[in-house]
1. Looking at A:256, A:264, which one is within 13 Å of the ligand (Cβ to nearest atom) and either farther than 15 Å from residue A:221 by Cβ or surrounded by fewer than 24 Cβ atoms within 10 Å (Cβ to Cβ) (or both)?
2. Within segment B:1-18, how many residues turn out to be buried (at least 22 other Cβ atoms within 10 Å of the Cβ) and more than 16 Å from the ligand (Cβ to nearest atom)?
3. Of all helices (runs of 4 or more DSSP H) completely enclosed by segment A:10-128, which ones contain at least 1 residues that are within 30 Å of residue B:99 (Cα to Cα)?
4. Quick check: anything in segment A:224-234 out of contact with any helix residue (DSSP H, G or I) (no Cβ under 8 Å at 6 or more places or on another chain), within 12 Å of chain B (Cβ to nearest Cβ) and modelled with pLDDT under 95?
5. Would you call residue A:185 surrounded by 15 or more Cβ atoms within 10 Å (Cβ to Cβ) and part of a loop (DSSP other than H, G, I, E, B)?
6. In segment B:32-107, which strands (runs of 3 or more DSSP E) lie fully inside it and hold 3 or more residues that are within 16 Å of the ligand (Cβ to nearest atom)?
7. For residue B:117, all conditions in the list (1) within 12 Å of chain A (Cβ to nearest Cβ); (2) under 16 Å from the mean Cα position of the chain (by Cα) hold save one; what is the number of the exception?
8. In segment A:80-102, which residues are more than 10 Å from chain B (Cβ to nearest Cβ) and crowded, with 23+ Cβ neighbours inside 10 Å?
Ligand SMILES: Cc1cc2nc3c(=O)[nH]c(=O)nc-3n(C[C@H](O)[C@H](O)[C@H](O)COP(=O)(O)OP(=O)(O)OC[C@H]3O[C@@H](n4cnc5c(N)ncnc54)[C@H](O)[C@@H]3O)c2cc1C
């Protein structure tokens, strides 16, 4: 069976969930080979998890290079050349998209970006915030896919996980140099793109302090916290929590919007959620057009009462 | 400094966007078209650098149908000096790799360039990496998703902010930098700017002018093909109630009914 290269996204010895989604999706195309690029010693902690999700091979490229993303691109490009894989799968993230794009240029491959499904025929795109579904096919060998997190249900599978050390080839062009790096640490709440429940706050929340109302409800539901761009721009909440056109695209089982008007650019990031609840004091707010259940009222009254009800039911 | 800004005309995100049923490309007639908001920020960054570095010039580069001139005029009215527009029927339906290579060819016609600026991702795209791809074709370093950008002599430094954290990147010019939506607030074109823009030079290039072979671009030779597309029926609203002191409890009831809690 043909190999499918899967780039492993890892931080401090932990594999990101999106990588398990890639390994699961890869099995529809061939035999997954995990590709680990990182500082010396990073692969050791990862192999168990990769094997448990079906990695038949694990290619390990160790490097202390401070070249920005270039080692990942060069390692994948040389593996594409030497192994002629059926496809390369990379998770959607800022880095993932960039690695995929640069790899497609280097290997002259079809680039199918931000797909929500892969098959031997190609990839499925959800376009314009889910308003359109499009199928696309690759017209080259070894197409490069980026897969949106949360679009594939992770399934475990036994893989041999045969390890093979690979060289990091010298880069062909100049690279940017990494001077420093501060990764965002997850905190205790689930990742936005992985959460099955999300509680989001908008400008209506009014201040950074008052976001505790959003967080309180989220915690009672075991939910992730999201925010509208207006809330982020007003400094109420950090930007990595922004949902929408220029933020994250999410599709949870339940999305609760508090004090969010429902501008088209916000909806583009959340309208494929299974169930949508809205609380807004303006009965005309467009968020109600897509809400399965809406309450016209003050979020500072409604959200705490809902939190209380949820907590009561848990006990 | 010789600064190039890559800009794109996109369907206004405030309007309903469509794919055309024939070849599943963007239905450009169905929607209002605007200069992508993120590109306004790239233009703003270029103008700030120009203001800080005497003798700089800002050139806008766009690829797209004739009506992309509206987006170009907007960038010129903000203060860019001139524009180059790659416009050719044969470009229709080009994939990301083809588009990247075509943009690189156009940049190649501009002589010595110190800095290429762009928005981090187009609001109508799926790739989100064209600036880095252009950089790779040109053999230049790419510093992407800049929230802060400083040029000191020949060194460019960027504070790259993404959902995954902050990375400080630096390199020597020439380089490609893409900006994120938090980098600045783009200026509004002044009346004077709008009038001046009408007289600024806009060079329209055909494929031949840019040295691009027609077989390298377009739907027929694209590396990817969209085989089908379908609108998804929009979600419709459900029940809406006025809060009478029991709004939270009513939501809880609804969630219990849906087995969500
Ligand atoms: C290119 C582009 C990209 C964009 N990308 C995004 C994006 O990714 N994400 C995004 O969210 N936006 C995005 N926007 C911005 C978008 O157009 C809206 O401006 C934004 O979503 C508004 O956020 P909001 O709903 O929080 O604020 P507002 O529109 O100001 O709405 C606040 C709401 O809170 C309600 N409210 C106030 N007080 C209370 C209270 N006490 N109780 C209940 N309700 C209350 C009000 O009735 C109002 O409906 C983008 C815009 C552009 C042009």
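The values are calculated or read from the model by the stated rules, or taken from the named source; none is laboratory data. These figures come from a predicted structure and were not determined experimentally. Here the Cβ is made from the backbone with ideal geometry for all residues, glycine too, and neighbour counts use every protein chain on show.
1. One residue alone meets the criteria, A:264.
2. 4
3. The helices (runs of 4 or more DSSP H) meeting that bar are A:17-26, A:70-83, A:94-107.
4. There is no residue in segment A:224-234 that is out of contact with any helix residue (DSSP H, G or I) (no Cβ under 8 Å at 6 or more places or on another chain), within 12 Å of chain B (Cβ to nearest Cβ) and modelled with pLDDT under 95.
5. no
6. On the way: elements: B:33-35, B:57-63, B:82-86.
Counting at least 3 such residues, we get B:33-35.
7. Condition not satisfied by residue B:117: (1).
8. A:85, A:87, A:88, A:89, A:90, A:91
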